[in-house]
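Written below as structure tokens is the structure these notes are about.
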Amino acid sequence: MTSRLDCEVLDRDDPLSSLRKEFVLADELIYLDGNSLGPVSAAVKRRVNEVIDSEWATGLVRSWNSAGWMAAPTALGDRVAPLIGARPGEVLVADTLTFLIAKLLGAALHLRPDRHVIITDEANFHSDLYIIEAVAKRAGRPIEVQVLNRKDIPAALNDDVALVELTHVDFRTGEMLDLFGITKAVHDVGALMFWDFAHSAGAVPLDVTGANVDFAAGCGYKYLNAGPGAPAFAYIRREWQSQMENPLPGWLGHVRPFDFELDYEPATGMQAFVTSSPSIIAMAALDGSLETWEKTTMNEVRTKSLALTDLFIELVEQRVPGAFEIVTPREHAKRGSQVALRHDHAYAIVQALIERNVIGDFRDPDICRFGFTPLYLRYVDVYDAVDVLVDVMNNKAYLDERFSVRNPVT
Ligand SMILES: *Cc1c(COP(=O)(O)O)cnc(C)c1O
């Protein structure tokens with residue numbers, strides 16, 4: 001069995017160990033929820049303050065030009081691009097994820113005017129399901145949304161299908177889907193592939209170029225650590241951009257926004273998918289958080305992520321055998337950067353852990369979810385978190401009544 005001493009050795013030899021000190025994290029806290037909201041870093045604080053104190057306070061309106069505010073959505077997009085394997089000019093930072101899904105989906109449907117089916121996964125995130133239904137309803141032609149069990153999707157692919165939208169890493173179970181294989185199968189029937197990378201960007205290496213992905217979008221506030229409600233990112237494969245029309249056009253996607261023309265004429269490239277003024281202070285936070293990402297590679301992050309999740313699974317199995325169903329796949333190729341444990345008292349267990357400074361979260365109906373974020377998590381954190389979990393389970397601390405009161409955010 002891996003000992004705490006073994007974990008200390010692993011931390012000593014960890015090539016990412018120097019990055020932890022960039023984050024503001026209380027010593028007594030073990031944060032296993034960076035998949036829901038990443039922590040703040042010194043660079044984020046610095047960039048947000050710089051933007052407020054010099055670009056906004058001093059530069060005022062001049063900063064739209066002098067500080068590059070106007071170009072922020074595409075400039076930041078180019079810095080997010082390496083995290084998903086995109087080329088320059090293919091990624092935009094704007095809005096939040098659900099809005100970007102709506103824009104991309106609305107535009108994509110027009111690329112397949114002779115097809116009437118959208119396929120998605122019944123285990124998809126609810127916001128994806130709501131917005132897919134809403135866009136389909138307003139597509140200007142009858143669109144049928146098929147919400148399927150993911151194992152039934154390959155058989156449902158045919159030449160009626162316009163588009164398939166899937167979340168690449170399941171937000172509940174942590175299962176990672178086959179980016180290359182599914183994208184190819186979708187293309188084989190002439191349909192388009194849209195991946196939601198909310199739990200993938202910054203969690204696993206991605207190669208949208210190699211996999212030939214058409215569209216993708218993801219969050220800024222989860223693994224990317226850009227703060228609550230951070231702007232999201234959208235990817236449109238270069239070859240599609242000139243054929244796509246932003247269904248929510250606004251002045252900042254116009255080719256000449258300051259000519260105030262009556263008719264909309266889209267800018268070229270991803271800029272056309274900007275609708276309104278970029279949220280500059282929120283973008284400053286992403287700018288700062290990307291500084292940390294630029295000090296490593298996704299391959300390095302992945303190696304440590306798998307080691308951390310392997311260690312967690314191994315320790316849980318050895319120290320509280322049989323207590324949980326381990327829902328996350330053991331197979332590395334099918335695992336994101338989180339581990340989900342199923343238990344009838346999942347909510348109360350998570351609450352008992354939080355009271356003991358181990359922060360995970362609960363996903364309805366019975367999942368304890370733990371995110372593993374290699375930029376700042378240590379192997380000893382995994383060890384100590386399991387120590388606390390063992391204590392909670394062996395003493396049945398979760399049976400205390402106060403842990404069964406549901407908070408609005410779980
Ligand atoms: C977090 C999440 C969203 C919601 O993102 P918003 O930025 O709040 O719209 C959508 N889809 C998935 C898969 C998510 O995990």
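The values are calculated or read from the model by the stated rules, or taken from the named source; none is laboratory data. Worth saying up front: this structure is predicted, and the values here are computed from it rather than measured. All Cβ positions, glycine included, derive from the backbone under ideal geometry; neighbour counts span all protein chains shown. Note: areas computed on protein heavy atoms with side chains; ligands, DNA, RNA excluded. Shrake-Rupley method; radii C 1.70, N 1.55, O 1.52, S 1.80 Å.
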## Note on the structure
For the chain the mean separation of alpha carbon contacts under 8 Å (6+ apart) over residue count, i.e. relative contact order in percent, is 23 percent
### Which listed pairs, of LYS103/LYS334; LYS304/LYS334; LYS137/LYS334; LYS45/LYS103, have C-alpha distances above 26 Å, in listed order
LYS103/LYS334; LYS137/LYS334; LYS45/LYS103
## Note on the structure
Heads up, the chain by the C-alpha gyration tensor (a ≥ b ≥ c square roots of eigenvalues; a/c under 1.5 rounded, else a/b over b/c prolate, else oblate) looks oblate
### Summary
Per-residue accessible area, 1.4 Å probe, largest first, puts HIS345, HIS110 in the order HIS110, HIS345
### Estimated [θ] at 222 nm from DSSP helical runs (n ≥ 4, -39500 (n - 2.57)) normalised by residues in the chain, nearest 500
-10500 deg cm²/dmol
#### Entry: the chain: most fluctuating residue of PHE362, PHE370, PHE258 per GNM, C-alpha cutoff 10 Å
PHE258
### the chain, accessible surface, carbon-and-sulfur percent (1.4 angstrom probe)
55 percent
## Note on the structure
Counting only protein heavy atoms and rolling a 1.4 Å probe, one gets per residue an accessible area for segment 45-293 in Å² of 41 Å²
### Task
Express in Å², to the nearest 10, the accessible area of LYS396 obtained by rolling a 1.4 Å probe over the protein heavy atoms while all chains stay in place.
110 Å²
### Task
Using R₀ = 41 Å, calculate the FRET efficiency as 1/(1 + (r/R₀)^6) where r is the Cβ-Cβ separation of SER66 and GLU300; round to 0.05.
0.70
